[in-house]
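Bear in mind that the values in this text are calculations on the coordinates, not laboratory data. The structure displayed is predicted, hence computed values, not measured ones. Note that each Cβ is placed from the backbone with ideal geometry, even for glycine, and that neighbours are counted across all protein chains shown.
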Amino acid sequence: MSKANIVVLISGAGSNLQAIINAVEAGQIPGEIRAVISNRPDAKGLIKATVHGIECSVLNHKQFPDRESFDQALMTDIDHYQPDLLVLAGFMRILSDDFIDHYQNRMMNIHPSLLPHFRGLHTHQRVLEAGHAQHGCSVHFVTRELDGGPVVIQAVIDVQEDDTPETLAARVQQQEHIILPLAVQWYAEGRLRCENDCVILDGKPLTRPVIWKNQSLHYQ
Ligand code: GAR
């Protein structure tokens, strides 16, 4: 792959999008963000994309009668850019099987928990309620199982006694902004791929995700 074509889907603030933009602009990711697409017209991330001269558009899911028709229209928009990689950076939609199959092995998501723990929403609150000592975030390839695809990398932080969902969210997000660009970088460099539900990094199948903790990477 010479320069990877990347399309990013967002629904909100776009802080993860910003982290990817920064990594592309710094030369860390050998790729180009061809487009940013939001399902919400008010997503702040659209402004971030525009400021950096990236093409962006809105496809409002509320204007479609059902999930399938929205996903079909979204696929048409995305495929216009012929992406090598589709990144879900805070894209808060459940995707249809057709959509997921179409981007099989070339779609990544950032999720705010240490998967397989705490799939779904409100992860920070649920971690506190469960009394877990550690929390974090995961980058995974997307499969039909919601938040269940093979995990590439996880960032781990310790939960503090006085943490609230908000303080945890803020610390986890700082980690998201490190591991998501890193996974995108590896993919764009041709070092990372997904095959038969297995993550392959530098030619070797990962038996466990790469861990980012205390400012260093741990391969197990
Ligand atoms: C991120 O924290 C991401 O982990 C989460 O949405 C946030 C988007 O923030 N994604 C999910 O919960 C996916 N299930 P951002 O718009 O500032 O990148």
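Computed quantities for the displayed model
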| item | result |
| --- | --- |
| Rough spin-label spacing in nm, given labels placed 7 Å along Cα→Cβ, for D42 and Q215 | 4.0 nm |
| Gaussian network model of the chain, springs between alpha carbon atoms under 10 Å - residue of N16, N60, N39 with greatest fluctuation | N60 |
| Separation of the E189 and M92 label points, Cα + 7 Å toward Cβ, nm | 3.4 nm |
| FRET E, pair H132, K204, Förster distance 30 Å, beta-carbon r, rounded to 0.05 | 0.50 |
| Longest exposed-site-free window of the chain, the sites being GluC sites (Glu not before Pro) in a DSSP loop that have at most 11 other C-beta atoms within 10 Å | 1-144 |
| Mean Kyte hydropathy of -0.5 or more with a Cα span along the axis of at least 20 Å, helices from DSSP in the chain | 165-188 |
| Label-zone membership for segment 113-139, site Q174, 7 angstrom Cα→C-beta point, backbone N under 15 Å | 135-137 |
| Gyration tensor (alpha-carbon) shape descriptor, segment 1-90, a/c threshold 1.5 | oblate |
| Cα centroid separation - segment 15-40 against segment 113-178, whole Å | 22 Å |
| Choice from A43, A133, A89 showing the highest fluctuation, given a GNM over the chain with Cα pairs closer than 10 Å | A133 |
| Choice from L146, L180, L114 showing the highest fluctuation, given a GNM over the chain with Cα pairs closer than 10 Å | L146 |
